[in-house]
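Working notes, structure below.
The values are calculated or read from the model by the stated rules, or taken from the named source; none is laboratory data. Please read all numbers here as calculations on a predicted model, not as lab measurements. Every residue, glycine as well, gets a Cβ built from its backbone with ideal geometry; the counts of neighbours run over all protein chains shown.
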Protein chains: 2
Amino acid sequence: MKLGDGVEQAIHSVAMLAGLSDDGVLSAAALAAFHGVSTSYLLKHLQALSGAGILATVPGPKGGYRLAKATHRITLLDIVLAVEGPAPAFRCNEIRQRGPSPVGAHMFAKPCNISAAMLKAERVYRAELAKTTIADIGVQLTALDDGSIAARSCAFLEIHERRTAR
Amino acid sequence: MKLGDGVEQAIHSVAMLAGLSDDGVLSAAALAAFHGVSTSYLLKHLQALSGAGILATVPGPKGGYRLAKATHRITLLDIVLAVEGPAPAFRCNEIRQRGPSPVGAHMFAKPCNISAAMLKAERVYRAELAKTTIADIGVQLTALDDGSIAARSCAFLEIHERRTAR
């Protein structure tokens, strides 16, 4: 089972945008610089997050990204599905129906029980991801922080945040 | 999140091998023919299942595969980990430590809370997969079957099963 590198980048980017002022945005280049990743690669994921209604885009040379909704309404599941797509990890190709001596189609009216067990585990996985919001991530980070992580983010935002009329 | 096609093939193959006589084996070619898949591709997964101690291999021209342990001791998780490898789906590249104005290393002694939340969901996923055994899959299939699925498997095994002294 594999998730792309974009998931880590997307979650950290959303968490970073949670620190903006009400009328602030950050460019993709600034988000990429802060996380030490490729801007073009990150841009793809930021666009996926916009498409999923997690981020809002302010166009133009002074534009950038901000959150489209409150941090307690954005879950890790929302971000994973935006970046990775909604398809289940387990793909059932119905190989049970192939091969010699086919069985009558009525026997395949119900989903394969192997597929059902695999998809049940994915539902449990998704439900667990849906329990953690970006607001929770922020609270947890604050509890760990001796002040240096917050100071670093604030110093970066002071230089790179763009103010825009909403 | 993605699982390879090999997972479906591996689970169905293990379930098929559960129907063998005590001294029976099936060749990779027969397993591939029954499931309508490529022998060379399936072989890779059968070897992974052998490496994980789920299947036993009987070498030679009359050889093949059989289960290496009882069906109630083989879980879907065992098969998924054998085929996909043990690495977590979420890869933390520690991008929190990159970028400008590094924070002191002591702040990164504990795992990132984003990584911790992602890995917690994977533990829940794996625990769910570990609840279903190949014995369960067999019982569920029998409950669904009007007899035609069992008849098909038996007819196939009658032709293709190889008897071998254990």
_Looking at segment A:1-40 only, could you name the residues that are of a type outside the set (Val, Ile, Thr), in contact (Cβ under 8 Å) with a residue 40 or more places away in the chain, closer than 30 Å to B:Tyr125 by Cβ and facing chain B (nearest Cβ under 9 Å)?_
A:Met1, A:Leu3, A:Gly4, A:Ala15
*asked:* So, B:Gly99, is that one touching a His at 6+ places or on another chain (Cβ under 7 Å), within 8 Å of chain A (Cβ to nearest Cβ) and not aliphatic (A, V, I, L, M) or not?
replied: yes
*Out of A:Leu141, A:Leu76, A:Leu157, A:Leu81, sole residue that is more than 30 Å from B:Ile74 (Cα to Cα), in contact with a Gly (Cβ under 8 Å, 6 or more places away or on another chain), modelled with pLDDT of 90 or more and not small (Gly, Ala, Ser)*: A:Leu157
_Among the residues in segment B:127-141, are any more than 18 Å from B:Leu46 (Cβ to Cβ), in a loop (DSSP other than H, G, I, E, B), more than 10 Å from chain A (Cβ to nearest Cβ) and out of contact with any Cys (no Cβ under 8 Å at 6 or more places or on another chain)?_
no
*asked:* Can you confirm whether A:Ala82 is out of contact with any helix residue (DSSP H, G or I) (no Cβ under 8 Å at 6 or more places or on another chain) and within 22 Å of A:Asp5 (Cβ to Cβ)?
replied: no
*Residues of segment A:107-163 satisfying the condition of being of a type in the set (Val, Ile, Thr), surrounded by fewer than 16 Cβ atoms within 10 Å (Cβ to Cβ) and over 23 Å from the mean Cα position of the chain (by Cα)*: A:Ile159
